[in-house]
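Each reported figure results from applying straightforward, stated rules to the coordinates on display, with no laboratory input. Model, not experiment: these values are computed from the prediction. Neighbour counts are summed over all protein chains in view; Cβ atoms, including those assigned to glycine, are modelled from backbone coordinates with ideal geometry.
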Amino acid sequence: MLRILVFVGLMFVASHGAAQDDGTVPEKQTGQAASPAAEQLSATPASPVERGKYLVHHVAMCVMCHTPKTEDGKLVTTRLLQGAPMPVGSPYPRQRWAFRAPAIAGLGGFSEESLVTLLQTGSRPDGAAPEPPMPSYRMTEEDARAVAAYLKSL
Ligand code: HEC
């Protein structure tokens, strides 16, 4: 029994030592490989329009409500963010609910300041809030302006 324990112990020390020998070098290599990639990222920051596009399509998902869909639920990309009917009603019978999401491509007649306030606070500058299911966002000013820049570019 003791012999087995000693053997296992030795195996452990051996493999542990080996792991350290192996581990040290790749760790350094990873570090070296990571920093040029990080530099590259910071050297080419996304433009506000690119960042806005990412937020609108992949994070805040504005496209899913403000773009019409085909019968099988795909976005009609030729009418991107040009307004769409809301296909679902509120789960709460007495809740106010909008049946249409307006056009927001090219800002859709909304001023940049009003959109930025809406995306930062959930309300327009006059204090009124759009009806659900329009989400009440709490974006940073930078993100809200990036979304506005992207919508303006459409
Ligand atoms: C879950 C669906 C949904 C999502 C996601 C969504 N919206 Fe809306 N949005 C609506 C609906 C519905 C309305 C209409 C509300 C009303 O009539 O009061 C609306 C209204 C608006 C308005 C008009 C506000 C006003 O003052 O009348 C703007 C601007 C707007 N959305 C921008 C956005 C942007 C930008 C995003 C993404 C950051 C977004 N929406 C995401 C459903 C959505």
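Observations
- Annotation for region 117-154: trypsin sites (Lys or Arg not before Pro) lying in DSSP loop with at most 16 further Cβ atoms inside 10 Å of their Cβ are 138.
- Approximating the spin labels as points 7 Å out from Cα along Cα→Cβ, the residue 72-to-residue 100 distance works out to 2.8 nm.
- When you work out D = kT/(6 pi eta Rh) for region 36-154 at 4 °C and 1.567 mPa s, using the Kirkwood radius from C-alpha pairs as Rh and the Stokes-Einstein form, the result is 85 µm²/s.
- Compactness ratio for region 89-154: Cα radius of gyration over 2.2 N^0.38 Å (N = residue count) comes to 1.17.
- Trypsin sites (Lys or Arg not before Pro) within region 70-123, DSSP loop, no more than 11 other Cβ atoms inside 10 Å: 74, 94, 96
- Under the simplified labelling scheme, the residue 154-residue 50 pair shows an inter-label distance of 2.0 nm, with each label point 7 Å from Cα along Cα→Cβ.
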